[in-house]
Amino acid sequence: MLWLDLGNTRLKYWLTDDIGQIVSHDAKQHLQAPAELLMGLTDRFERYAPDFIGISSVLGDALNAQVSETLSRLNIPFEFVHVDAAHALMKSAYNDQQLGCDRWLQMLGAVDKKKRQCVIGCGTAVTIDLIDHAEHLGGYIFPSIYLQRESLFSGTKQITISNGTFDSVSQGMTTQDAVHRGILLSIVGAINEISRRHPNFEVIMTGGDAATISQHVNRPVRLRDDLLLNGLARYFDYRNKS
Ligand SMILES: Nc1ncnc2c1ncn2[C@@H]1O[C@H](COP(=O)(O)OP(=O)(O)O)[C@@H](O)[C@H]1O
Ligand SMILES: CC(C)(COP(=O)(O)O)[C@@H](O)C(=O)NCCC(=O)O
Ligand SMILES: [K+]
């Protein structure tokens, strides 16, 4: 199988064998041209001859149509995931016309009906979702640390910071530190507050910035980089059974 995750910044793919083991995996920035990036990967994909392609995309109809066109050349059946708020594994009261497919799949990949869970996706946007015994209670969306820095850069005259590392949440004494620490604290502080309000929820983090952010969270965090893949596998597995 070939699994694709088209996020706002990166395209992730996983090739798996018949017992579900990952045989090849990568994550690449697509610079809003995912179809062109896929074109360059087709040789690699064909070598593994997957019999199906399952896709999560939050890139919208126009880019999805371009992706479809590229994939149709492979002559391998493919399908985009559609959010199902009444799924057997997890119910959700969130507006299902709006809920991002990657957010939903990350939750589907994590959900455990015996647990209370807080699933945090740290991608281009940071999403924080609460799940109570397989019932999605809703969540929050924040701009990532990078998007926050870009918005300060473009919305102010005197903040000209466009690089530097996010490594502390203590107060800063320079613009550079104040910007990075303030931004990191806005996300870490929100996570700490949400987990304070929901003390018996297991905190699970995934996505490109999960390691950077989790270090400063004052609760045990489970880092999982397989959530979306697991959600895709569960989604198509269930759909084939019904
Ligand atoms: N300027 C930037 N804007 C957004 N993300 C950036 C930027 N620079 C680097 N990144 C990295 O891009 C990665 C995006 O993570 P990922 O989980 O793949 O997100 P998405 O699913 O939204 O594409 C993060 O690791 C982040 O650190
Ligand atoms: C919240 C997101 C932007 C996160 O995307 P990502 O950071 O993974 O690229 C995406 O899931 C999305 O576009 N969601 C639609 C809005 C919603 O979930 O309500
Ligand atoms: K993502």
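Out of S186, S195, S151, I need the residue that is assigned to a helix (DSSP H, G or I), open to solvent by 40 Å² or more (accessible area, probe 1.4 Å) and either touching a residue at least 40 places away in the same chain (Cβ under 8 Å) or touching a Phe, Trp or Tyr at 6+ places or on another chain (Cβ under 7 Å) (or both). Which one? Let's see the steps before the verdict.
Details: S195 fails: open to solvent by 40 Å² or more (accessible area, probe 1.4 Å); S151 fails: either touching a residue at least 40 places away in the same chain (Cβ under 8 Å) or touching a Phe, Trp or Tyr at 6+ places or on another chain (Cβ under 7 Å) (or both).
Exactly one of S186, S195, S151 is assigned to a helix (DSSP H, G or I), open to solvent by 40 Å² or more (accessible area, probe 1.4 Å) and either touching a residue at least 40 places away in the same chain (Cβ under 8 Å) or touching a Phe, Trp or Tyr at 6+ places or on another chain (Cβ under 7 Å) (or both), namely S186.
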Tell me yes or no: at least one residue of segment 65-83 is closer than 17 Å to K12 by Cα, open to solvent by less than 60 Å² (accessible area, probe 1.4 Å) and in a loop (DSSP other than H, G, I, E, B). yes
Only residues in segment 124-139 that are within 11 Å of ligand 2 (Cβ to nearest atom) count as the first member; pair them with residues that are of a type in the set (F, W, Y) and assigned to a strand (DSSP E or B), Cβ under 6 angstrom, at least 6 apart or cross-chain, and list the lot. V126/F142; I128/Y140
Sole exception among (1) outside any helix (DSSP H, G or I); (2) within 14 Å of ligand 1 (Cβ to nearest atom); (3) modelled with pLDDT of 95 or more; (4) surrounded by 12 or more Cβ atoms within 10 Å (Cβ to Cβ) for A211, by number: (1)
Looking at the structure I just gave you, is I145 within 15 Å of ligand 1 (Cβ to nearest atom), under 14 Å from I183 (Cα atoms), in contact with a Phe, Trp or Tyr (Cβ under 6 Å, 6 or more places away or on another chain) and in the same structural domain as F201 (by the TED database)? yes
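Quick one: is I141 within 16 Å of ligand 3 (Cβ to nearest atom) and surrounded by fewer than 14 Cβ atoms within 10 Å (Cβ to Cβ)? Steps first, please.
On the way: within 16 Å of ligand 3 (Cβ to nearest atom): yes; surrounded by fewer than 14 Cβ atoms within 10 Å (Cβ to Cβ): yes.
Considered against the rule, which asks whether it is within 16 Å of ligand 3 (Cβ to nearest atom) and surrounded by fewer than 14 Cβ atoms within 10 Å (Cβ to Cβ), I141 comes out as yes.
The values are calculated or read from the model by the stated rules, or taken from the named source; none is laboratory data. None of the values given here were measured: they were computed from a predicted structure. For neighbour counting, all protein chains shown are included, and Cβ atoms are generated from backbone atoms with ideal geometry for every residue, glycine included. For accessibility, only protein heavy atoms count, side chains too; no ligands or nucleic acids. Shrake-Rupley method; radii C 1.70, N 1.55, O 1.52, S 1.80 Å.
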